[in-house]
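These notes concern the structure reproduced below.
Computed from the coordinates by the stated procedures, all read-outs in this text should not be read as laboratory data. Keep in mind that what you see is a predicted model, and the values were worked out from it rather than measured. Every residue, glycine among them, receives a Cβ derived from its backbone with ideal geometry; neighbour counts consider all protein chains shown.
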Amino acid sequence: MLGYFVHVERPMRSEIIDRFVAFVMSERRLYGTHDNNRVGFSLGQIGRYLRFVEIARSRYLPVSKTVAERFRKTMEEARQNLGTRELIPEEIAELEKEGQLHQLLHFEIESFFLFAKILLDKIAHFIGDYFGQAHGVSFRSHDKLCKGIDQYLKEKNLQIPSGMKNTMVELRSLVADYRDKQIAHLQNPRALHVTQIAANGAAQIGASTLYPNEKDKFSSSPSVEHVCAVIEVYMSQLESLIEINRSKSR
């Protein structure tokens with residue numbers, strides 16, 4: 001059992017979720033019964049993982065705050081107690097609890113990126129379902145859609161909101177690349193994960209290697225709050241993409 005209890009508000013509702021739900025409801029009214037359900041269910045796949053991302057974010061925030069506060073306290077105590085001595089049992093137990101808390105933090109961060117990646121893939125699936133398939137363009141993942149977006153826009157004669165392609169590329173780097181390279185497909189028996197406290201006080205995962213060589217590089221997990229901000233922009237651009245090109249849907 002973890003040594004710390006961190007209160008978590010699980011948002012079944014939030015500003016970004018409320019806006020998306022309102023959009024889905026208004027969009028469904030534009031279609032007949034059969035297409036009404038098809039559009040609603042297709043968008044619902046996005047909504048499901050948008051909620052999961054928001055839950056993951058809400059779980060991460062209090063853990064990050066607790067870790068940062070305890071880090072500052074530990075550093076202050078270390079400055080006041082210079083020198084070496086043997087730790088007493090209570091201090092050893094506290095260090096064990098500290099390790100459990102950091103493990104919880106890493107779990108919440110990685111969970112956030114796993115669900116964020118699925119969300120991006122669900123958006124790609126929706127675009128292919130809503131506007132239809134195109135030869136040589138895959139909607140299997142966000143990464144594959146990024147690679148084929150120009151060809152798809154041309155073939156379907158779609159107009160894309162300003163900045164949307166840049167947002168897609170940024171999210172590929174922030175979410176898909178981090179999830180693939182640092183979580184799901186990392187193959188390094190010397191991988192070492194530590195906790196970092198950013199300048200703004202947010203906690204992140206720092207990745208290094210045991211016995212590093214000249215090819216090994218230290219990396220940090222992207223900021224959860226920044227990723228959420230970019231996702232919010234992308235969701236707004238997705239709504240605009242639908243509104244601008246609604247007459248070209250299936």
Value in Å of the Kirkwood radius, where segment 106-148 supplies the Cα pairs that are averaged
11.0
Given 0.36 nm per residue, what is the gain on full extension from Asn213 to Val21 after removing their alpha carbon distance, in nm?
64.1 nm
If each of Arg13 and Lys165 carries a label point 7 Å out from its Cα toward its Cβ, how far apart are those two points in nm?
4.0
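Kindly identify segment 126-174 as rounded, prolate or oblate by the Cα gyration tensor criterion: order the square roots of the eigenvalues as a ≥ b ≥ c, call it rounded if a/c is under 1.5, otherwise compare a/b with b/c, prolate if a/b is larger, else oblate. Intermediate results must be reported in sequence, preceding the final value.
Numbers: a/c = 1.90, a/b = 1.31, b/c = 1.45.
Here segment 126-174 falls in the oblate category.
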Please find the FRET efficiency linking Ala191 to Asn37, where r is the Cβ-Cβ separation and R0 is fixed at 45 Å, and quote it to the nearest 0.05.
0.50
Subtracting the Cα-Cα distance of Gln100 and Arg79 from 0.36 nm times their residue separation yields 5.2 nm
Charge dipole (segment 107-250, unit charges on Cβ, about Cα centre) - positive-most of Ser221, Ile244, Ile205
Ile244
Hydrodynamic radius (Kirkwood) for segment 135-203, which is based on Cα pairs only, to one decimal in Å
14.8
With springs only between Cα atoms under 10 Å apart, run a GNM on the chain and tell me which of Gln187, Gln237, Gln45 wobbles the most.
Gln187
How far, in nm, would the chain grow between Ser247 and Glu232 when pulled straight, counting 0.36 nm per residue and subtracting the alpha carbon separation?
2.9 nm
Phi-based couplings in Hz for segment 152-160 (Karplus 6.51, -1.76, 1.60; Gly and Pro marked x):
5, 4, 5, 5, 8, 6, 9, 9, 10
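Using only helices, what value at 222 nm comes out for the chain when you add -39,500 (n - 2.57) per DSSP H run of length 4 or more and divide by the total residues, to the nearest 500 deg cm²/dmol?
The helix contribution divided over the chain gives -21500 deg cm²/dmol.
Let me know the charge dipole size of segment 17-161 about its Cα centre in debye, to the nearest 20, where only the beta-carbon of Lys, Arg (+1) and Asp, Glu (-1) is charged.
Around 760 debye, computed over segment 17-161.
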Loop sites only, by DSSP: take the chymotrypsin sites (Phe, Trp or Tyr not before Pro) in the chain that have at most 16 other C-beta atoms within 10 Å and name the longest stretch containing none of them.
32-217
What translational diffusion coefficient, to the nearest whole µm²/s, does segment 179-244 have by Stokes-Einstein, given a Kirkwood radius computed over alpha-carbon pairs, a temperature of 4 °C and 1.567 mPa s viscosity?
90
Mind putting together the pair-distance distribution for the chain? All Cα pairs, 10 Å bins, whole percent per bin, short to long.
6, 26, 29, 19, 12, 5, 2, 0
